1. Closer than 28 Å to residue 268 by Cα, in contact (Cβ under 8 Å) with a residue 40 or more places away in the chain, buried (at least 23 other Cβ atoms within 10 Å of the Cβ) and in contact with a helix residue (DSSP H, G or I) (Cβ under 6 Å, 6 or more places away or on another chain) - does that describe any residue in the stretch 171-178?
2. Got a number for residues in the stretch 111-169 being assigned to a loop (DSSP other than H, G, I, E, B) and acidic (Asp, Glu)?
3. Take residues that are within 30 Å of residue 18 (Cα to Cα) and not hydroxyl-bearing (Ser, Thr, Tyr) and tell me which of the helices (runs of 4 or more DSSP H) falling wholly in the stretch 233-337 contain 2 or more.
4. Give me the residue from the stretch 266-277 that is in contact with a strand residue (DSSP E or B) (Cβ under 9 Å, 6 or more places away or on another chain) and small (Gly, Ala, Ser) and, out of that set, farthest from ligand 1 (Cβ to nearest atom).
5. Checking residue 202 against (1) in a helix (DSSP H, G or I); (2) away from ligand 1 (no atom under 11 Å from the Cβ); (3) β-branched (Val, Ile, Thr), which test does it fail?
6. State which residue is surrounded by the fewest Cβ atoms within 10 Å (Cβ to Cβ) when the search covers only the stretch 284-338 and only residues that are within 16 Å of ligand 2 (Cβ to nearest atom) and among the hydroxyl-bearing types (Ser, Thr, Tyr).
7. Against the definition (under 16 Å from residue 246 (Cα atoms) and in contact with a Gly (Cβ under 7 Å, 6 or more places away or on another chain)), how does residue 203 come out, yes or no?
8. Among the residues of the stretch 278-302, count how many are within 13 Å of ligand 1 (Cβ to nearest atom) and in contact with a strand residue (DSSP E or B) (Cβ under 6 Å, 6 or more places away or on another chain).
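The values are calculated or read from the model by the stated rules, or taken from the named source; none is laboratory data. Everything quoted here is computed from the prediction, not taken from an experiment. Every residue, glycine among them, receives a Cβ derived from its backbone with ideal geometry; neighbour counts consider all protein chains shown.
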Amino acid sequence: QKPIFILAIESSCDDTAAAVMQNDKVLSNIVAQQAIHEQYGGVVPELASRAHQQNIVPVIDVALKKANVTKDQLSAIAFTQGPGLMGSLLVGSSFAKSMAMSLDIPIIAVNHMHAHILAHFIDEEGFDKPEFPFLALTISGGHTQIVKVSSFFDMEIIGETTDDAVGEAFDKSAKILGLPYPGGPLVDKYAQLGNPKAYKFTKPKMPNLDFSFSGLKTQILYFIQNNVKENPNFIDENRNDICASIQNIIIEILMEKLKLAVQQTGIKQIAIGGGVSANSGIRNTLKEAEKKYGWKTFIPKFEYTTDNAAMIGIVGYQRFLENKFNDASVVSKARIDF
Ligand code: KG4
Ligand code: ZN
């Protein structure tokens, strides 16, 4: 059977990404990160769209060259429809539409959140694929969701954050500790050297499977302020223990909801995705849960967990097989109902 080649484009936030897929295999996966936002301590939408505009052609060029695929070989172009920053999404979708028009091939508009979940179906040696139905825990700087996944195209959000995302909880805590943005990986690094039981923070009381992280941020802020008042070197002297305790409470919050989700659905396969799934504490806790609760957990290859285009490409491939294409009039959406 003739192979299907899909060019995938992801431009929902601050990374310009392109990938080329041959069926469910990744031939190239290129991400141009926008360092500009570091100095502002967060993503600046205007600067993000401008950088996408600058990066998109070279990134796609590199992706095609690295994959050793020519434009004429492409079967379809998949791109992120949303959710995300409107100015950033528009760059990717307009480019995808024009390129597809000139090549006379179909377009596939992909929901970024579906893509984070279906990244688990990329064919990659040493990585198992979950079986339907499974639960997906999507944790990143922009999202925190528990999703019941019944098939490639049938997903239901059963829990999500009502305020900050988990990644924001990590990044904002890091900021309080004077760490540079994004601070999540640094909290993880110091946490590995500290005592997770050193300081006690309380879990928010949230009903059902929903999350809240903004109260935790305030709790940490007051905790640090009060201690620094008494000892100006409090952070420097206790950084590892503080980070370990913050990470510990975040993991406890996630695990509490996951356990409840397993109880409510009877599903014991858990697939995690999003940048925060890089966290060593979360990974270890999930591995322990396999033994402790008889769960089976799935953590994709790191380059497919943070924002990337290969995850858009795998959805493109599944949609191609089903002939689920989009009309050229499809529009970008800052928010998408699942
Ligand atoms: O998926 P991602 O690259 O971008 C989106 O937000 O969509 O996720 C980035 C988030 C940031 O908040 C970053 O601090 C967090 O993931 N992160 C981590 C770790 N690595 C990345 N948080 C905790 N521990 C880590 N090791
Ligand atoms: Zn994302």
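1. Residues of the stretch 171-178 that are closer than 28 Å to residue 268 by Cα, as a first pass: none.
Scanning the stretch 171-178 turns up no residue that is closer than 28 Å to residue 268 by Cα, in contact (Cβ under 8 Å) with a residue 40 or more places away in the chain, buried (at least 23 other Cβ atoms within 10 Å of the Cβ) and in contact with a helix residue (DSSP H, G or I) (Cβ under 6 Å, 6 or more places away or on another chain).
2. So the answer is 7.
3. The qualifying helices (runs of 4 or more DSSP H) are 280-293, 310-321.
4. As a first pass, look at the stretch 266-277 and keep what is in contact with a strand residue (DSSP E or B) (Cβ under 9 Å, 6 or more places away or on another chain): 267-277.
When the remaining residues are screened for being small (Gly, Ala, Ser), the result is 271, 273-275, 277.
Working: 271: 15, 273: 8, 274: 5, 275: 2, 277: 8 Å.
Filtering the stretch 266-277 for residues that are in contact with a strand residue (DSSP E or B) (Cβ under 9 Å, 6 or more places away or on another chain) and small (Gly, Ala, Ser), the one farthest from ligand 1 (Cβ to nearest atom) comes out as 271.
5. (1) is the only condition that residue 202 fails.
6. 306
7. So residue 203 fails the test.
8. Summing the residues that are within 13 Å of ligand 1 (Cβ to nearest atom) and in contact with a strand residue (DSSP E or B) (Cβ under 6 Å, 6 or more places away or on another chain) in the stretch 278-302 gives 1.
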